[in-house]
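Report on the structure given below.
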Amino acid sequence: MVLGLRIDPSIVPSPLIGKPAPLISLPRLDMPDKSFSSVDLRGQIWLLNVWASWCVSCVAEHSLLMKFLRDDVPIVGLNYKDMTGDALDWLAKYGDPYYTSLADADGSIGLDWGVYGVPETFLIDQQGIVQYKHIGPLSRADIDNTILPRVRELQGEKTQ
Amino acid sequence: MILSRLKISLRYIRLLCLWVLICGVITPAATLELVEFDREEQTNRYNALIDELRCLVCQNQSLADSNADLAKDMRAVVIDMIRNNHDDEVIIRFMTERYGDFVRYRPLLDSRTALLWFMPFILILLIFIWLPAFIRSHRAVPLSAAERQQAARLLQE
C-alpha cells in the first residue's frame with residue numbers, strides 16, 4: 001500500500017506502448033490543402049506532441065521543445081480541438097518547434113491515440129512503434145533522463 | 001377538523017415525495033445530450049455501456065455521469081458504433097485498445113484484479129472469524145488460588 005501511495009493515480013498507462021502508432025493523415029495547420037501522413041516518417045525516430053492554444057501548461061513545455069529541436073528527432077505537433085487561427089497565433093507568439101503541425105479539430109485522432117489530457121507527448125521509433133508516452137508537460141528532467149536516453153537507445157539499436 | 005387537515009397535509013407530503021423521486025431520476029439524465037435511437041434495444045445498450053465506461057478526465061465518474069468534453073466525444077463514438085450495429089464487446093474493446101483496461105469502470109476480474117475484488121470479503125472474514133479467536137487466545141487467564149495468595153503476599157511488601 002505504501003508503494004501504491006507513491007504512484008500518481010491520475011496517470012493512465014497507455015496501451016499503445018509497443019504497438020504500431022495509429023495512422024495520422026491530416027491537413028497541415030499552416031497549409032490546409034496539404035496533408036501529412038505519419039507513414040512519411042517511417043525510418044525516423046520522432047515525437048508527437050499534443051498541444052492546443054487553450055492549454056496553459058503547454059506554454060511552459062513549449063520553451064523546452066524549442067530548445068530540444070534536433071534534426072534527427074522531428075517533433076510533429078498535434079493541434080488538438082483548437083481553432084486554426086488561434087493555433088497559428090500561438091505558434092507565432094511562442095515559436096514553432098514543429099516539423100509540421102496538424103489540425104485535429106474534432107479530437108478524433110487524439111481519441112485514437114488515447115489522449116485524455118493536454119499536453120501529451122509520444123515517442124515513436126523507426127518502425128512506427130510507440131515506445132513511450134508522457135502525460136502532462138515535459139520537464140527538463142523528463143527530456144534529459146527519459147526521452148534522450150530512449151532516443152539514443154533506439155538509435156543504437158538501429159545501427160547494430 | 002384536525003383529521004381532515006392531517007389528510008390534506010399527507011397528500012401534499014406524498015406529492016412532494018413523488019416530485020423528489022422524479023427529480024432524482026431525471027436530473028442525471030438531464031445533464032447529458034439527448035440521444036435518439038431507432039430501436040429501444042439500442043437505447044438500453046447505450047445506457048448500459050456509458051455506465052460501464054469510465055471518463056478518463058474525471059476518473060471517478062462513468063461516461064454517464066461526466067460533463068467533460070472528452071466524455072462527450074467518447075459517448076459520441078459509442079452512439080455511432082451502436083448505430084452501425086457493433087456489438088458491446090467490440091465497443092468496449094475499441095475503448096480499451098486506446099485507453100487501456102482502466103477505461104472499464106468496473107474492473108475485469110482476472111488474476112491481477114482478484115485481490116481488489118475479493119478484499120472486502122477477505123476483510124470481513126478476518127474481522128468476524130479470526131479476530132475474536134485471536135482476542136480470546138490472548139485473554140488473561142484467571143489466577144489459581146495459590147497464585148492469588150502469592151500475589152497478595154507480594155503486594156503487601
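The values are calculated or read from the model by the stated rules, or taken from the named source; none is laboratory data. Because the structure is a prediction, the values reported are computed rather than measured. Cβ sites come from the backbone with ideal geometry, for glycine too, and all protein chains shown count toward neighbours.
Among the residues of region B:84-112, those identified as in a loop (DSSP other than H, G, I, E, B), within 14 Å of chain A (Cβ to nearest Cβ), farther than 20 Å from A:Ala21 by Cα and of a type outside the set (A, V, I, L, M, F, W, C) are B:Tyr105, B:Pro107, B:Arg112. For region A:19-37, filtering for residues that are small (Gly, Ala, Ser), out of contact with any helix residue (DSSP H, G or I) (no Cβ under 9 Å at 6 or more places or on another chain) and surrounded by 19 or more Cβ atoms within 10 Å (Cβ to Cβ) leaves 0.
Only one entry of A:Gly4, A:Gly18 meets the criterion of being away from chain B (no Cβ under 11 Å), under 19 Å from A:Ile135 (Cβ atoms) and in contact (Cβ under 8 Å) with a residue 24 or more places away in the chain, and that entry is A:Gly18. Based on what the data block shows, is A:Asp82 over 15 Å from the mean Cα position of the chain (by Cα), surrounded by 21 or more Cβ atoms within 10 Å (Cβ to Cβ), within 14 Å of another protein chain (Cβ to nearest Cβ) and within 30 Å of B:Lys72 (Cα to Cα)? So A:Asp82 fits the description; yes. Anything in region A:134-154 that is crowded, with 21+ Cβ neighbours inside 10 Å and touching a Leu at 6+ places or on another chain (Cβ under 7 Å)? List them, or say none. Listed by number, the list holds a single entry, A:Leu138. For region A:67-86, the condition holds for no residue, the condition being that it is touching a residue at least 40 places away in the same chain (Cβ under 8 Å), among the charged types (D, E, K, R) and touching a strand residue (DSSP E or B) at 6+ places or on another chain (Cβ under 6 Å).
Of all residues in region A:70-86, those that are within 26 Å of A:Val130 (Cα to Cα) and touching a Ser or Thr at 6+ places or on another chain (Cβ under 9 Å) total 7. Looking across region B:92-106, the residues that are of a type in the set (A, V, I, L, M) and either closer than 16 Å to B:Leu70 by Cβ or without any contact (Cβ under 8 Å) to a residue 40 or more places away in the chain (or both) come down to B:Met95, B:Val103.
Residues that are in a loop (DSSP other than H, G, I, E, B), of a type in the set (A, V, I, L, M, F, W, C) and surrounded by 10 or more Cβ atoms within 10 Å (Cβ to Cβ) within region B:113-147 comprise just one, B:Leu143. Conditions: (1) surrounded by fewer than 21 Cβ atoms within 10 Å (Cβ to Cβ); (2) on the phi < 0 side of the Ramachandran plot; (3) under 15 Å from the mean Cα position of the chain (by Cα); (4) within 14 Å of chain B (Cβ to nearest Cβ). A:Ala105 meets all but one. Number of the miss? (3) is the only condition that A:Ala105 fails. Among the residues of region A:113-150, those that are within 14 Å of another protein chain (Cβ to nearest Cβ) and either more than 17 Å from A:Asp82 (Cβ to Cβ) or not acidic (Asp, Glu) (or both) comprise A:Trp113, A:Gly114, A:Val115, A:Tyr116, A:Gly117, A:Val118, A:Phe122, A:Val130, A:Lys133, A:Ile135, A:Gly136.
Selection of first residues in region A:132-157 that are more than 22 Å from A:Pro20 (Cβ to Cβ) and of second residues that are in a helix (DSSP H, G or I) and of a type in the set (A, V, I, L, M), restricted to Cβ pairs under 8 Å at least 6 apart or on distinct chains, gives the following pairs, ordered by first then second residue: A:Pro137/A:Ala60; A:Leu138/A:Leu64; A:Leu138/A:Leu65; A:Leu138/A:Ile147; A:Ser139/A:Leu64; A:Arg140/A:Leu64; A:Ile143/A:Leu64. Looking for something away from chain A (no Cβ under 14 Å), modelled with pLDDT of 85 or more, outside any loop (DSSP other than H, G, I, E, B) and surrounded by 15 or more Cβ atoms within 10 Å (Cβ to Cβ) - is there at least one such residue anywhere in region B:56-73? Scanning region B:56-73, I find at least one residue that is away from chain A (no Cβ under 14 Å), modelled with pLDDT of 85 or more, outside any loop (DSSP other than H, G, I, E, B) and surrounded by 15 or more Cβ atoms within 10 Å (Cβ to Cβ), so the answer is yes. Taken over region A:29-62, the criterion of being part of a loop (DSSP other than H, G, I, E, B) and more than 25 Å from A:Ile17 (Cβ to Cβ) is satisfied by A:Leu29, A:Asp30, A:Met31, A:Pro32, A:Asp33, A:Lys34, A:Ser53, A:Trp54, A:Val56. Selection of first residues in region A:93-104 that are touching a residue at least 40 places away in the same chain (Cβ under 8 Å) and within 11 Å of A:Val76 (Cα to Cα) and of second residues that are assigned to a strand (DSSP E or B) and small (Gly, Ala, Ser), restricted to Cβ pairs under 6 Å at least 6 apart or on distinct chains, gives the following pairs, ordered by first then second residue: A:Tyr98/A:Gly77; A:Ser101/A:Gly77.
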